[in-house]
Amino acid sequence: MKVAIGTWGYRKWFEEKKCDMFALLDEVKAIGADGIEIFPQHIDRSNTAKALADVKAACDAKGLGVASLICGNDFAARQAHCRAQAVANMIRDIHEASAVGIDHLNVFTGYHQPGQDPVMETMRVIDCFREVTPVAQEKKVSLCLENHSSVCRDADSILWLIHAVRGESLWTNPDPSNFLPNFTEAPEAQREVIYTETAKIVPLAANMHLKIRDFKPDGSHAHLDVSRILEMLKPVGYDEWIVLEFFGRDDPHEPNAKGVALLKRLLSLR
């Protein structure tokens, strides 16, 4: 398995003009990570093709990989023109990512809106994915559905949706702590849902996230049993990326460096 840094975790540096995407690659290399996951706001979306080509070339030059590109789609939007634009954007990303050798996109379902019928919202998501999955399959791009959005939040709903789409290019992107939004404050017994839900979707995993912020004095994760999560991956033969996402608002360097060190240590023991 390889360890990537989600550029979203360095949003403080981007906001403060402390780095751009290319300067960030030096940081990623310095802390020992193997690659990056691209947050869309960190590249020039007015010319995505050139931006992706430039970033991929810079990664190649430094011996880094690209785990995935985040699409940021909302397929549950009430307005048909908004959904059509989201579909068009994802198809564009599929073509432009595949053209430079990026073969994973991190995708979402969408967001429930007050007053909207949740069943109708789910149907909209299915319809949109049925439009984009044939393109992804043709281009050999894996669409990695993260348990992130408010439509189909739990593992069973995500799996049901994937089977309903019937697209061979649609997989999962487990982000364990997303199953319990208040996981940093929740008691240990309540955090059990993180592991039971994650275990359901890892058999279809094509990308994976791990939220980081707090660490114990021995370097272990303060809120998650990372060893337990990694053990889930063994039986399903997962050997893709694990993307670290720093969700704090402080300086991202130290927690990302600690996250890489933790994953590298645990992966070396497997």
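The values are calculated or read from the model by the stated rules, or taken from the named source; none is laboratory data. On a predicted model such as this, the values are computed, not experimentally measured, just so you know. No Cβ is skipped: glycine too gets one built from the backbone with ideal geometry, and neighbour counts run over all protein chains shown.
The set of residues in region 33-56 that are of a type in the set (Gly, Ala, Ser) and surrounded by 13 or more Cβ atoms within 10 Å (Cβ to Cβ) comprises Ala33, Gly35, Ala49, Ala51, Ala53.
Could you identify the single residue in Phe183, Phe179, Phe215, Phe247 that is of a type in the set (Phe, Trp, Tyr), under 27 Å from Glu27 (Cβ atoms) and within 16 Å of the chain's Cα centre (by Cα)? Walk me through how you get there before you give the answer.
Details: Phe183 fails: within 16 Å of the chain's Cα centre (by Cα); Phe179 fails: under 27 Å from Glu27 (Cβ atoms); Phe215 fails: within 16 Å of the chain's Cα centre (by Cα).
One residue alone meets the criteria, Phe247.
Please go through region 237-260 and give me each residue that is of a type outside the set (Val, Ile, Thr), assigned to a helix (DSSP H, G or I) and within 17 Å of Met208 (Cα to Cα), ordered by number.
Hits for region 237-260 are Asn256, Gly259.
If you go through region 91-102 one residue at a time, do you hit one that is surrounded by fewer than 17 Cβ atoms within 10 Å (Cβ to Cβ), of a type in the set (A, V, I, L, M, F, W, C) and either within 21 Å of Ala206 (Cα to Cα) or at pLDDT below 95 (or both)? Before the answer, list the steps.
Going through region 91-102, the residues surrounded by fewer than 17 Cβ atoms within 10 Å (Cβ to Cβ) turn out to be 91-92, 95, 99, 101.
Still in the running and of a type in the set (A, V, I, L, M, F, W, C): 91, 99.
Still in the running and either within 21 Å of Ala206 (Cα to Cα) or at pLDDT below 95 (or both): 91, 99.
Within region 91-102 (the criterion being surrounded by fewer than 17 Cβ atoms within 10 Å (Cβ to Cβ), of a type in the set (A, V, I, L, M, F, W, C) and either within 21 Å of Ala206 (Cα to Cα) or at pLDDT below 95 (or both)), the answer is yes, since at least one residue qualifies.
Within region 186-214, residues that are part of a loop (DSSP other than H, G, I, E, B) sit with their Cβ atoms under 8 Å from residues that are surrounded by fewer than 18 Cβ atoms within 10 Å (Cβ to Cβ) and polar (S, T, N, Q), at 6+ positions apart or across chains, in these pairs: Arg213/Thr184; Asp214/Thr184.
Criterion applied to Lys62, Lys2, Lys50 was being under 27 Å from Asp239 (Cβ atoms), over 20 Å from the mean Cα position of the chain (by Cα) and at pLDDT 95 or above, and the one residue passing it is Lys62. Count of region 51-94 residues, restricted to those that are part of a helix (DSSP H, G or I), under 19 Å from Phe108 (Cβ atoms) and charged (D, E, K, R), is 3. The residues of region 217-262 that are under 30 Å from Glu16 (Cα atoms), without any contact (Cβ under 8 Å) to a residue 40 or more places away in the chain and either of a type in the set (Gly, Ala, Ser) or surrounded by 12 or more Cβ atoms within 10 Å (Cβ to Cβ) (or both), listed by number, are Ala222, Gly248, Glu254. Among the residues of region 31-42, is there at least one that is closer than 30 Å to Asp117 by Cβ and not polar (S, T, N, Q)? Checking region 31-42: at least one residue is closer than 30 Å to Asp117 by Cβ and not polar (S, T, N, Q).
Among the conditions (1) within 17 Å of Arg130 (Cβ to Cβ); (2) touching a helix residue (DSSP H, G or I) at 6+ places or on another chain (Cβ under 7 Å); (3) surrounded by fewer than 18 Cβ atoms within 10 Å (Cβ to Cβ), the only one that Ala80 does not satisfy is (2). Only residues that are among the acidic types (Asp, Glu) and buried (at least 20 other Cβ atoms within 10 Å of the Cβ): list them for region 161-189, please. If the condition is that a residue be among the acidic types (Asp, Glu) and buried (at least 20 other Cβ atoms within 10 Å of the Cβ), then Asp175 is the only one that fits.
Rundown of residues vs (1) touching a Phe, Trp or Tyr at 6+ places or on another chain (Cβ under 8 Å); (2) under 19 Å from Val202 (Cα atoms); (3) in a helix (DSSP H, G or I), yes/no style:
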| residue | (1), (2), (3) |
| --- | --- |
| Thr122 | no, no, yes |
| Val135 | no, no, yes |
| Lys140 | no, no, no |
| Cys144 | yes, yes, no |
| Cys152 | yes, yes, no |
